[in-house]
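What follows is a single structure, written as structure tokens, with notes after it.
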Amino acid sequence: FGYGDRPLVRPSNIVCILDDRRVVLSCSDTDQALRDTVSAAGLPRHGEAALTWRGTPFLARTWSLPLEYDYGAGGWTVAMMVPRTESLAPLQTLRREVTLLAVASVLVVLLAVLGTVRKQLQPLAVLEDASARVRAKQYDVELDVRTGDEFETLADGFGTMVHAIREHVRELESFSVGAATALARTIDAKSPWTAGHSERVTAVAMDLGRALDLSADELS
């Protein structure tokens, strides 16, 4: 079962030829016990079967040789027997490759999901920072969210709200200063001795504060 010094089958494989009575005519392994096992296995003329030799499970594939008309011989059968573990090796390799591909696909999907989640969390972080600044009475908040989705709409609405609050705060501050000034002038007007006293005291206090390098918030 070879060509010159080169074998046609692997050492672990067994090739046998059987006649029409299922008698082994030749085998790549010359062990007589093997021939008896193959003869008794009842292999089909064309098909697949399983048998065990020396404790090793084999898968057998058979092909019929139509020799009746050309050579006047009965129908012969060629049987190729391969150890079961060896025959299943390509399937196990394919299974391993499919598993690796599935794992790689899951990793790619996870990375894509994480990227999307991170992209979604970025405008949330901007909105959270803006909310903290508003709570700290810092109304000079400018939001720049350009995501083209609901987050951009939410940021625009938040910016409009902060702008309205900022205008209301300015109006309240102007009203408070005006009301205090009017009240002081009303009190000072009751007596010629105190006329303009509150405004002069305020001006002196502001000058002192500026001399002490007080901040604008402290001066107000």
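The values are calculated or read from the model by the stated rules, or taken from the named source; none is laboratory data. All figures in this text were calculated on a predicted structure; none of them were measured in a lab. Cβ coordinates were reconstructed from backbone atoms using ideal geometry, including for glycine residues, and neighbour counts include every protein chain displayed. Each accessible area value is taken on the protein alone, full model and side chains, heavy atoms only, with ligands, DNA and RNA left out. Shrake-Rupley method; radii C 1.70, N 1.55, O 1.52, S 1.80 Å.
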Extension length gain for Arg95 and Thr116 (0.36 nm per residue less Cα distance), in nm, is 4.4 nm
If you average the C-alpha positions of segment 33-48 and of segment 115-134 separately, how far apart do those two centres end up, in angstrom? 74
Give me the net charge of Arg210's neighbourhood, meaning all other residues with Cβ under 15 Å from the Cβ of Arg210; Lys, Arg count +1, Asp, Glu -1. -4
Take peptides 143-151, 209-217, 39-47 and line them up by average Cβ neighbours within 10 Å, highest first, as a rough protection proxy. 39-47, 143-151, 209-217
Which value, in Å², gives the accessible area per residue of segment 52-164 when a 1.4 Å probe is used on the protein heavy atoms? 72
